Amino acid sequence: MENGIRLHSAQGRWVVLAAALGSGMAMLDGTVVNVALPHIGAELGASLASLQWTVNAYLLTLAGLILLGGSLGDRYGRRRVFLIGVVWFAAASGLCAIAPTVGVLIAARALQGIGGALLTPGSLALLQATFHPDDRSAAVGAWSGLGGVATAVGPLLGGWLVSGPGWRWIFVLNLPLAVVVVLLTVRHVPESRDDEATGRFDVPGAVLAALALGGVTYALTDAAEGFSAAVAVSALAGVLLAVAFVVVERRAAEPMLPLGLFSSRLFTVVNLVTLGIYGALGGIFFYLQVQLQTVAGFSPLVAGVAFAPVTLLMLLFSAGAGRLATRLGPRLPLTLGPLIAAAGVLLMLRIGSHASYWADVLPAAVLFGVGLTLLVAPLTATVLAAVEVRRAGIASGVNNAAARAAGLIAVAALPLLTGLSGDQYRVPSAVDSAFRTAVWICAGVLAGAGLLALATVPGKAPEAAPEPDATWYCQTTAPPVDPGHECPGSTAN
């Protein structure tokens, strides 16, 4: 018997809001920091490499540990692990706010990533585990829309805070938001877990994943300053550790990354599409705010407001995009979305030293926002539909890890590919030249992701993989979420 709360119910709306605010807190932090990078560099005397690590320290621990976070949620309860992640994230944000040096800031950002690794997969797995199957796509669409708003509104909030009280307040912002998320979650979100999850956690796998990503990231970041023995050793170590990670996962009794997930062709393909899309987004967002402030001469506030249309489009239409994908199938939105976003990125070539917001920035923002709105919800819903519901946590973790790892590698590699290094991020001519190269690279990657989806993603909406036991998500101390079903051990009559 199918079970789950309905999206149109009061509890359903609260669950979506709690999950979206939690994941949105992590997403918001990822974009809001980009606006502050020039000011962080000026106040703390940071080089471009240090600014890259301010972004990548967060992405490194998030991408390296997010699979473990999904597994922890499946085992010990998604709501419980989600709450721990929210509190951890808030505490690390407070440390970022008081960081006296760029080194302390980078360390605190790494701690933030650990919190994000706990809360991010849990937020999405809560939806997949809690909602009625007929409402899951729409719930994911609403979650994607609200989360996308957090991503898009980040530059706006960041610009306002940097222009006003200062960049440290972008981290203080997380503290009251975390309090709201905790209260909503405790009050309205039911617990869920995978009762078949047993055995030890794959700590060696988590360590190898983080070290492999760290080695590659260090090599790419340091190579922008010139090739050295340290770069070569780091790159080689990263590759060897990645190979060791795959070997360990193949042999582990309880692997952090069950390689059997990739026996689903759809799951594999959509994660490859995710790598392309989020790599391009991570790269262009890193460069865009520096271009707007250093080259176009926009203030942090105006630079943040510049892409407000993206926020509006995602707020209004992401849930509808999720429903549309359910009816039409995922191929069309996963093809058109990246291609339209790529066209929006190419329009950013008009952003130069004398850029006009209305003529040069707004058209790019609108087209870019249309593309993101079309693709985000269908991408998420499709990757989850490719696996059975009880594995929602690990599936969410894999997809999030792919997205974060792609952004991590993009931010590390683009300065090397575009020839930007040292303190050149303060030189308008150097930034402008690097930005234009980055635009072509990111647009090409987005277009490639769209064409890959066209060639490989099925036109028909996939059916959720069957689950062996429809009662798996119940919390034994709570009344059943479906009036016609008794949870194991429930005291409800």
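Brief remarks follow.
- In region 203-251, the inverse of the mean reciprocal separation of distinct Cα atoms equals 10.8 Å; this is its Kirkwood hydrodynamic radius.
- Residue-count net charge about LEU7 - beta-carbon cut-off 12 Å; Lys, Arg +1, Asp, Glu -1: +2
- Charge tally around LEU367: other residues with Cβ under 14 Å, Lys/Arg +1 each, Asp/Glu -1 each, net 0.
- Segment ALA455-LEU315, extension gain: residue separation times 0.36 nm, minus the distance between their alpha carbons: 47.5 nm
- Extending 7 Å from the Cα toward the beta-carbon at both VAL427 and ARG250 defines two label points whose distance is 4.7 nm.
- Note on volume of the Cα convex hull per residue in Å³: of the candidates (i) 135; (ii) 175; (iii) 125, the value calculated from this structure sits at (iii).
- Taking a Cβ cut-off of under 15 Å around VAL231, the surrounding Lys, Arg, Asp and Glu residues balance to a net charge of -2, with basic ones at +1 and acidic ones at -1.
- Qualifying chymotrypsin sites (Phe, Trp or Tyr not before Pro) in region 151-204, where qualification requires a DSSP coil assignment and no more than 16 other C-beta atoms within 10 Å, comprise PHE201.
- Exposure proxy ranking for ASP202, ASP134, based on other Cβ atoms within 10 angstrom of each Cβ and starting from the fewest, stands as ASP134, ASP202.
- Test item: Cα-centred dipole of the chain, Lys/Arg +1 and Asp/Glu -1 on Cβ, debye: 340 debye
- Scattering curve values for region 303-453, log₁₀ I(q)/I(0), Debye with Cα scatterers, q = 0.08, 0.11 Å⁻¹: -0.27, -0.50
- Computed from Cα atoms, the angle from the helix 308-328 axis to the main principal axis of the chain rounds to 40 degrees.
- Computed 3J(HN,Hα) for region 39-54, one whole-Hz value per residue from the Karplus formula 6.51 cos²θ - 1.76 cosθ + 1.60 where θ = phi - 60°, is 6, 4, x, 5, 6, 9, x, 8, 7, 4, 4, 5, 5, 4, 6, 4, glycine and proline marked x.
- Using 0.36 nm per residue and subtracting the Cα-Cα separation, the extra length available between LEU328 and PHE262 on full extension is 21.3 nm.
- Exposure here means at most 15 other Cβ atoms within 10 Å; with GluC sites (Glu not before Pro) in a DSSP loop as sites, the longest stretch of the chain lacking them is 226-462.
- The phi torsions of region 88-93, fed into the Karplus equation with coefficients 6.51, -1.76 and 1.60 and a -60° offset, translate into couplings of 4, 4, 5, 5, 5, 4 Hz, rounded to whole numbers, with Gly and Pro shown as x.
- Tilt relative to the chain, helix 136-163 - C-alpha long axis, 0 to 90 degrees, to 10: 30 degrees
- Order of CYS442, CYS96 under a 10 Å beta carbon neighbour criterion, fewest first: CYS96, CYS442
- Top positive-direction residue, dipole computed over region 1-80 with Cβ charges, set SER9, MET25, ASN56: SER9
- Distant-in-sequence amide H partners of VAL387 (H built 1.01 Å from N, under 5 Å): ALA465
- Helix 362-385 axis, angle to the chain major axis (alpha carbon atoms, nearest 10°): 30 degrees
- Label-to-label distance, ALA308 versus SER356, with points set 7 angstrom from Cα along the beta-carbon direction: 1.9 nm.
- A simple rule links phi to the HN-Hα coupling: the Karplus curve 6.51 cos²θ - 1.76 cosθ + 1.60 with θ = phi - 60°, which for region 297-306 gives x, 6, 6, x, 5, 5, 4, x, 5, 3 Hz, with x for Gly and Pro.
- Cα lying deepest toward the dipole's positive end in the chain, options ALA253, VAL180, PRO415, charges on Cβ: PRO415
- Region 122-221: projected area of the alpha-carbon convex hull, averaged over directions, in nm²: 10.3 nm²
- Residues whose placed amide H lies under 5 Å from that of GLY4, excluding near-sequence neighbours: ASP482
No value in this document is a laboratory result; all are computed from the given coordinates. Remember, predicted model here, so these are calculated numbers, not experimental data. Using ideal geometry, Cβ is built from the backbone for each residue, glycine included, and neighbour counts are taken over all protein chains shown.
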